[in-house]
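For reference, the structure is listed below as structure tokens.
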Amino acid sequence: NAHTLLDSGVDDVGYLDSVILGVSAALELDSGRHFVAGFSGGASMAVRFGAEKSEHVTAIGTFAGKVGLSQAGAPFVFPTTPTSALSVQMTYGTLDPNYVGELKGDVQATSAQAGIDWWTNVLSCESTPQTEAKGSLTLDTYAGCNANAVVRFVTVQGMEHTWPEKGGSFDLDGTKLLLDFFGDL
């Protein structure tokens, strides 16, 4: 149930919200430091959760997620507009079908850029990013968002549909990339 367009009626967002709030209360965690991360379908769920429960999330970080979907050529359906500002980092490899907008059967996903454009629009960010190249990475950071949130689009040249690991087939520590983003907030 990562996408409202294909929702089966199971309240995964409510379940995740209960888990995050319950664990946070039990461990007395800082409620202003909740982060959600995911890969592929989990990334799409992080997007939906962040949008629907933005009041409980500081930031989301994803690899290879989808933001909007279209079925049978209908207009794209996006998540609910967040009610609170949150920061977003979405990472895609240039060889990942989600980078250009994967088509499965009659369901078309938005491209990575279209997903980022949705986030920058709903968070009222500046339209032009600051771009930084770091080897195979290009980091496009959109500032000026509501409540000092940021949206970052990380493009990894030559990476396929994967959560990258240091020393793996693509030598990038994806976990560190996310933790660095979360730590800077």
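The values are calculated or read from the model by the stated rules, or taken from the named source; none is laboratory data. Computed from a predicted structure; not experimentally measured. Neighbour counts run over all protein chains shown; Cβ positions are idealised from the backbone, glycine included. All accessible areas refer to the heavy atoms of the entire protein, side chains included, with ligands and DNA or RNA removed. Shrake-Rupley method; radii C 1.70, N 1.55, O 1.52, S 1.80 Å.
Within the range 84-101, the residues that satisfy the criterion of being open to solvent by less than 40 Å² (accessible area, probe 1.4 Å) and touching a strand residue (DSSP E or B) at 6+ places or on another chain (Cβ under 8 Å) are L86, S87, V88, Q89, M90, T91, Y92, G93, T94, N98, G101. For the range 128-135, state whether one or more residues are touching a strand residue (DSSP E or B) at 6+ places or on another chain (Cβ under 6 Å), exposed (fewer than 15 other Cβ atoms within 10 Å of the Cβ) and not charged (D, E, K, R). The answer is yes; a qualifying residue exists. Might you let me know whether the range 35-57 holds any residue that is modelled with pLDDT under 90 and open to solvent by 60 Å² or more (accessible area, probe 1.4 Å)? No: the range 35-57 contains no residue that is modelled with pLDDT under 90 and open to solvent by 60 Å² or more (accessible area, probe 1.4 Å). Scanning the range 67-76 for residues that are in contact with a strand residue (DSSP E or B) (Cβ under 6 Å, 6 or more places away or on another chain) and open to solvent by 40 Å² or more (accessible area, probe 1.4 Å), we see that the one that is nearest to V36 (Cα to Cα) is F76. Residue count for the range 144-181 under the criterion of being over 16 Å from Y92 (Cβ atoms) and open to solvent by 20 Å² or more (accessible area, probe 1.4 Å): the result is 16.
Report whether or not T162 is within 19 Å of G41 (Cα to Cα) and modelled with pLDDT under 95. Considered against the rule, which asks whether it is within 19 Å of G41 (Cα to Cα) and modelled with pLDDT under 95, T162 comes out as yes.
For the range 67-166, the strands (runs of 3 or more DSSP E) that sit wholly inside it and include 1 or more residues that are acidic (D, E) are 130-134, 137-142.
Taken as a whole, the condition of being over 16 Å from A59 (Cα atoms) and surrounded by 17 or more Cβ atoms within 10 Å (Cβ to Cβ) does not apply to T141.
What pairs come up if the first residue lies in the range 89-116 and is over 20 Å from V36 (Cα atoms), the second is part of a helix (DSSP H, G or I), and their beta carbons are under 6 Å apart, counting only those six or more places apart or on different chains? If the second residue must be part of a helix (DSSP H, G or I), the pairs left are Y99/A112; S111/V100. Considering the range 102-112, the residues that are more than 13 Å from G73 (Cβ to Cβ) and not β-branched (V, I, T) include one that is most open to solvent (accessible area, probe 1.4 Å), namely K104.
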